[in-house]
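The values are calculated or read from the model by the stated rules, or taken from the named source; none is laboratory data. This structure is a prediction, so every number in the text was calculated from the model and none was measured. Methodologically, a virtual Cβ is constructed for each residue, glycine included, from the backbone with ideal geometry; neighbour enumeration extends over all protein chains shown. Accessible surface is based on the protein model in full, side chains and every heavy atom, while ligands, DNA and RNA are left aside. Shrake-Rupley method; radii C 1.70, N 1.55, O 1.52, S 1.80 Å.
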Amino acid sequence: MGGRITAFKQQAKNRHRVNVFLDGEFAFGLAKVIALTLSIGEILSDESIEDLRQRDAEEEAHRRMARWLDRRLRTEQEVRRRLDRRGEPPQVQEAVIARLTRNGLLDDRAFTQAWIENRNAFRPRSARMLRAELRQKGVAGEIISDALEPFDDSQAALGAARKGARRWRQLSYEEFKSRLGAYLARRGFRYATISPVIERVWRELSGSESEGAT
């Protein structure tokens, strides 16, 4: 299949790819960035064509993953799963992962920190639940532990309670305690953390410094 390059033609449906012609005949398609390393008149052997195809597969997989990651951060495991679902061979997967990591597009530590900060801001939950979520995303245990080392469950529970409690402020103390306690428990907080938080938020909402139960 080897031969002399006689022409390059941009593909009509994909401006990122070109068709390569050898000895006047269409031979194969390549990512434009790879085709730019070639020149008219260059002779390609079978081995060099196979290498170009391998590089092309890696380039296309990288382009798709970079576009996917542009929407939001992902973990290495999530990227691997997506590549695997697309049927990419192991060598392509490894090359893409390495390149994304070098370019700063794939960083499990940055992902973990962003995940925790986002949860704290919008959907507070316990360190225990955060750990479970991050494990499900494929983040290594060491990275999770490092990120959660300064995490304060009491402060997170207080933030969650303040977000949810106003809807129950007109209820009796016992009903308020039951609703808010269940709300916090669903977010992974333990009773020892929940109980004092409920008392504090009840006092804040009622304007009373005494305990809510009568």
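Details
- Number of positions in region 119-140 that are open to solvent by 40 Å² or more (accessible area, probe 1.4 Å), part of a helix (DSSP H, G or I) and at pLDDT 95 or above: 6
- Sole exception among (1) within 22 Å of Phe111 (Cα to Cα); (2) in contact (Cβ under 8 Å) with a residue 40 or more places away in the chain for Leu158, by number: (1)
Per-residue answers, yes or no, for (1) among the hydroxyl-bearing types (Ser, Thr, Tyr); (2) closer than 16 Å to Glu60 by Cα; (3) open to solvent by 70 Å² or more (accessible area, probe 1.4 Å):
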{"residue": "Ile5", "(1), (2), (3)": "no, no, no"}
{"residue": "Lys9", "(1), (2), (3)": "no, no, yes"}
{"residue": "His16", "(1), (2), (3)": "no, yes, yes"}
{"residue": "Leu22", "(1), (2), (3)": "no, no, no"}
{"residue": "Ala27", "(1), (2), (3)": "no, no, no"}
{"residue": "Leu36", "(1), (2), (3)": "no, yes, yes"}
{"residue": "Ile40", "(1), (2), (3)": "no, no, yes"}
{"residue": "Ile43", "(1), (2), (3)": "no, no, yes"}
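- Only residues that are over 37 Å from the mean Cα position of the chain (by Cα) and in contact (Cβ under 8 Å) with a residue 24 or more places away in the chain were counted across region 170-201, and they come to 2.
- Residue match in region 36-53 (condition: within 27 Å of the chain's Cα centre (by Cα) and either within 30 Å of Leu148 (Cβ to Cβ) or of a type outside the set (Asp, Glu) (or both)): no
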